[in-house]
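This report refers to the structure that appears directly beneath it.
Just so it is clear, none of the values below were taken in a lab; they were calculated from the coordinates. All values derive from a computational prediction rather than experimental measurement. Note that each Cβ is placed from the backbone with ideal geometry, even for glycine, and that neighbours are counted across all protein chains shown.
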Amino acid sequence: MAQLKIPLDAQRFATGLTWKDYLAQMGDTRARTEDNYQKALLTEEERQFFGGLGQVRYALMLAENWCGDVHRNSPVLARICEAMPSCDLRVLFRDQNLDLTDCFLNNGYRSIPIMVFFDRDWNEIGRWIERASAATQRMLAIRAKTVDVAPPDQQEAAMTEFRKQFLAAHDTAPDKSLWRDAVKEVRQVLEQRLGVAAKK
């Protein structure tokens, strides 16, 4: 199957929000995302790796303010972009840019956040979508013990508990393991496409 032509150029990219401006407009989800941004730090070794990737010139994030995966994962994606010396990150809203979103479907779904990296000529280097695979497994396990077993009249409380436990899985583990898994997956995508050897 041929890859879709990505309808993105410098002019359209420039209409996107910087990370700072994206946070500023988030409204009632801003505090949650900013808190995750303070916690989702890269390790020194990760900063060194991404700091050596001068080929990545542009990073496009597709997001929506209401999405839990955006609150959890966009901060660590922003940290990755900040570590790359020549990378300019812009955020566009998924639902206002469905032609772009539909170039990056996740098993047929418009999952977010979407992060796509480009070189200076707008050739795609790699993409990462929604959450780390380990996070999906953890999410399903937590959901099975909360939302999936709650009676109909307790679904709202079960969903609140599910969200609480899933966020805790990101930021309370000693190594913030689910964010580490996201960083590892992004790194693998870029290593594969750029032929960069991982430093052991």
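Structural remarks
- Packing-based exposure ordering (other Cβ within 10 Å, fewest first) of Y37, Y58, Y109: Y109, Y37, Y58
- Choice from E82, E44, E130 showing the highest fluctuation, given a GNM over the chain with Cα pairs closer than 10 Å: E44
- For R110 and A144, a Förster radius of 35 Å and the Cβ-Cβ distance give a FRET efficiency of 0.90, rounded to the nearest 0.05.
- Length gained on full extension, D153 to R120: 6.5 nm, using 0.36 nm per residue less the C-alpha separation.
- Most mobile listed residue (V70, V189, V56) in the chain, GNM with C-alpha springs under 10 Å: V189
- Rg(Cα)/(2.2 N^0.38 Å) for the stretch 77-200, N = residue count: 1.25
- The chain: calculated mean residue ellipticity at 222 nm from DSSP helix runs of at least 4, using -39500 (n - 2.57): -14500 deg cm²/dmol
- Part-to-part distance (alpha-carbon centres) for the stretch 105-119 and the stretch 1-72, which is given in Å: 12 Å
- Rounded to the nearest 20 debye, dipole of the stretch 11-107 from Cβ charges on Lys, Arg, Asp, Glu: 140 debye
- Between T43 and T29, the modelled label-to-label distance comes to 3.0 nm, taking each label 7 Å out from Cα in the direction of the beta carbon.
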